[in-house]
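Enquirer: Have a look at this one before I ask anything.
The values are calculated or read from the model by the stated rules, or taken from the named source; none is laboratory data. For clarity, every value in this text was computed on a predicted model and none was experimentally measured. Cβ: placed from backbone, ideal geometry, glycine included. Neighbour counts: every protein chain shown.
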Amino acid sequence: MTEHIGTTCVQGGYRPGDAEPRQVPIYQSTTWKYDTSEHMGRLFDLDEAGYFYTRLQNPTNDYVAAKIAELEGGTAGMLTSSGQAANFFAVFNIAGAGDHVVASSAIYGGSYNLLAHTMRRMGLECTFVSPDCTDEELEAAFRPNTKCVFGETIANPALDVLDIERFAAAAHAHGVPLIVDNTFPTPVMCRPIEWGADIVTHSTTKYMDGHGTAVGGAIVDSGNFDWDAHADKFPGLTTPDETYHGVVYTEKFGQAGAYITKATSQLMRDLGSIQSPQHAFYLNLGLESLHVRMPQHVKNGQAMAEFLAEHPKVRFVKYPGLPGDPWHELAQKYMPNGTCGVVSFGFNGGRAAAEQFMKSLKLAQIATHVADARTCVLHPANATHRQMNDAELEAAGIAPDMVRLSCGIEATEDLIADVEQALATV
Ligand SMILES: *Cc1c(COP(=O)(O)O)cnc(C)c1O
């Protein structure tokens, strides 16, 4: 039986046996007890699966990670303390000092800083390519030491759409995996693995949690990338790990399990960026309604984009669901049922109009957050990008008058009425 995605949202991951708790239990315990040291020793040798310390693994997290892996169509998953940790682990698990990454330039600012600055200080270089670069430009970005390609299905906040098939083909031609951050569409609107992505990441803080309660991240492995076929590029997966008595991850855990097992047993052990089990529980509550909430986010985003596109005071609208948007065709291919609830737009009256608009909103609230059940709005030039002057903003592709509106799941008419009355004051 192939289960529909809505069923997996509600029931995936945790399937209780006879007389077991119906809801995912919260294992609020840092540690586990064993009857013998021999038994614990087998866990430390990775000879036996099991729990011993929550810095590495916790059953609550694993239930929820399994649900997200099912939703994305992957073979294994893990939760991290944040989306930032997920993207860091996803790359660092297969690339380190002396290596190189190719990334789309249309990515979340935090991911850009991570790849361009923090990971560079760790000896890892990144070449950024525009998501609409030519095939020649994409090809030219690769180096012999390239270890992965990174992009976002729908970029936050640029709202560019990644041509997943094209970027996957380029990555695979160079013997490396494609990592896709699928935070904005969620697996309800797009499943990147079906289009060739090898690893999918999430900031679960956004639509997955959906209620602004818990910062978190997730990584899912498709199990499709053949690490052994490119063993020279990925020695961390294909040669002995001396910290676990010479375990070779691909040998012991196979193509389906090697990547996530390594990330858990090495990176979580050493860097300790695990999600708290309490947060995993909140995340699971969010996931249970993800398939019900996403269509309403999309409906509101689409209606808002169409309303704004017709409004005389609006200078431009960016929304991949809008016919005429440069990314509309790709959005229709990868997300035929809709994209997300986030719309960006600017004002004929420029920056001052944007500031006036922000002041006049009543329902939509000013927050750094996006992808929440409650509509929220941000004026980047006055918040996340405040340190830049107008010329620097233009160079970064952020218009000084641009506002990012994240449509929640309220009634469509009320949201449009709020935006309409705020525009009237501009
Ligand atoms: C927010 C976000 C992140 C970072 O996630 P946190 O949970 O805030 O650490 C990464 N990628 C995208 C696309 C995001 O929107």
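Enquirer: Within region 333-343, is even one residue under 20 Å from residue 425 (Cβ atoms) and modelled with pLDDT of 90 or more?
Expert: Yes: one or more hits.
Enquirer: Mind checking which pairs have a first residue in region 65-88 that is more than 16 Å from the ligand (Cβ to nearest atom) and a second that is of a type in the set (Ser, Thr, Tyr), Cβ under 6 Å, 6 or more apart or different chains?
Expert: Filtered contacts from region 65-88: 70/8; 71/8; 74/222.
Enquirer: Residue 57: part of a helix (DSSP H, G or I), of a type outside the set (D, E, K, R) and assigned by TED's automatic domain parsing to the domain that holds residue 256, yes or no?
Expert: no
Enquirer: Do you know which residues across region 139-170 are within 27 Å of residue 370 (Cα to Cα) and of a type in the set (Val, Ile, Thr)?
Expert: Within region 139-170, 149, 153, 154, 161, 164 meet the criteria.
Enquirer: Would a scan of region 326-334 turn up a residue that is surrounded by fewer than 19 Cβ atoms within 10 Å (Cβ to Cβ) and touching a strand residue (DSSP E or B) at 6+ places or on another chain (Cβ under 8 Å)?
Expert: Within region 326-334 (the criterion being surrounded by fewer than 19 Cβ atoms within 10 Å (Cβ to Cβ) and touching a strand residue (DSSP E or B) at 6+ places or on another chain (Cβ under 8 Å)), the answer is no, since none of the residues qualifies.
Enquirer: Condition (residue is closer than 15 Å to residue 199 by Cβ and either at pLDDT 95 or above or among the aromatic types (Phe, Trp, Tyr) (or both)) applied to region 28-46: is it met by at least one residue?
Expert: Taking every residue of region 28-46 in turn, none turns out to be closer than 15 Å to residue 199 by Cβ and either at pLDDT 95 or above or among the aromatic types (Phe, Trp, Tyr) (or both).
Enquirer: Among 153, 127, which is the only one that is under 24 Å from residue 259 (Cβ atoms) and within 14 Å of the ligand (Cβ to nearest atom)?
Expert: Among 153, 127, only 153 is under 24 Å from residue 259 (Cβ atoms) and within 14 Å of the ligand (Cβ to nearest atom).
Enquirer: Looking at the structure I just gave you, is residue 215 surrounded by fewer than 24 Cβ atoms within 10 Å (Cβ to Cβ), within 16 Å of the ligand (Cβ to nearest atom) and not assigned by TED's automatic domain parsing to the domain that holds residue 338?
Expert: Yes; evaluated as a whole, the condition is true for this residue.
Enquirer: Could I ask something else about it? Only one residue in 46, 71, 79, 56 is at positive phi and either out of contact with any Phe, Trp or Tyr (no Cβ under 7 Å at 6 or more places or on another chain) or aliphatic (A, V, I, L, M) (or both), so which one is that?
Expert: Residue meeting the stated conditions: 46.
Enquirer: May I ask you to say which residue of 268, 304 is at pLDDT 95 or above, more than 26 Å from residue 162 (Cα to Cα) and hydrophobic (A, V, I, L, M, F, W, C)?
Expert: 268
Enquirer: Continuing with the same structure: Of the residues 150, 184, 128, which single one is assigned to a strand (DSSP E or B), crowded, with 24+ Cβ neighbours inside 10 Å and aromatic (Phe, Trp, Tyr)?
Expert: 150
Enquirer: A follow-up question, please. If residue 168 meets every condition in (1) more than 16 Å from the ligand (Cβ to nearest atom); (2) surrounded by fewer than 22 Cβ atoms within 10 Å (Cβ to Cβ); (3) assigned to a helix (DSSP H, G or I); (4) of a type outside the set (Val, Ile, Thr) apart from one, which number is that one?
Expert: (2)
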